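Student: One structure follows; several queries about it will come next.
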Amino acid sequence: MPLSEQEQRLLDEMERHLMRNDADVVTAPGNALSYRNIVYGTILVLVGLGGLIFGVTVGMNTLGVILGVVGFSVMLGGVILAVTPMRGASPARPSTSRPQATPSRGASFMDRMNDRWDRRQDGH
């Protein structure tokens, strides 16, 4: 069920407020995950899993143990690569300037309350 125009506007305003005021929500520059790293990491995890399974099927001799350890190490490296943030990326910053709308007499109760909330948050 799609959101009404009023609900969508309120959701957008709440999101802008969170992005502007809550430091935990806003990601610092350079913390965006890279699609390329995720793909390469996934490939490494699959290759490592294959090496681990092949090491187990070879048996509990020296070659099997070495293949299992190498496979696990490749899997671990793939996971680390996949979750490593890319460098130099900056998240989109919301615009902090927006026109102040004065509520009219014909505005609904919720519109007036939203406008009062906005003014209070902006320090007016």
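Student: So for the pair Val65, Tyr35, with labels modelled 7 Å out along Cα→Cβ, what separation do we get in nm?
Tutor: Computed distance between label sites Val65 and Tyr35 equals 4.5 nm.
Student: Tell me the label-point distance for the pair Arg119, Leu46, using the 7 Å Cα-to-Cβ offset, in nm and rounded to one decimal.
Tutor: 5.9
Student: Give me the one-decimal Kirkwood hydrodynamic radius in Å for the range 29-87, with the sum taken over alpha-carbon pairs.
Tutor: Values: mean 1/r = 0.0847 Å⁻¹.
After inverting the mean inverse Cα-Cα distance, the result is 11.8 Å.
Student: Still on this structure, I have one more. Go ahead and run the numbers for FRET between Glu15 and Ile53, Cβ-Cβ distance against an R0 of 41 Å, rounding to 0.05.
Tutor: 0.40
Only the coordinates and a few stated rules stand behind these numbers; no lab work does. Keep in mind it's a predicted model, so treat the numbers as computed, not measured. For neighbour counting, all protein chains shown are included, and Cβ atoms are generated from backbone atoms with ideal geometry for every residue, glycine included.
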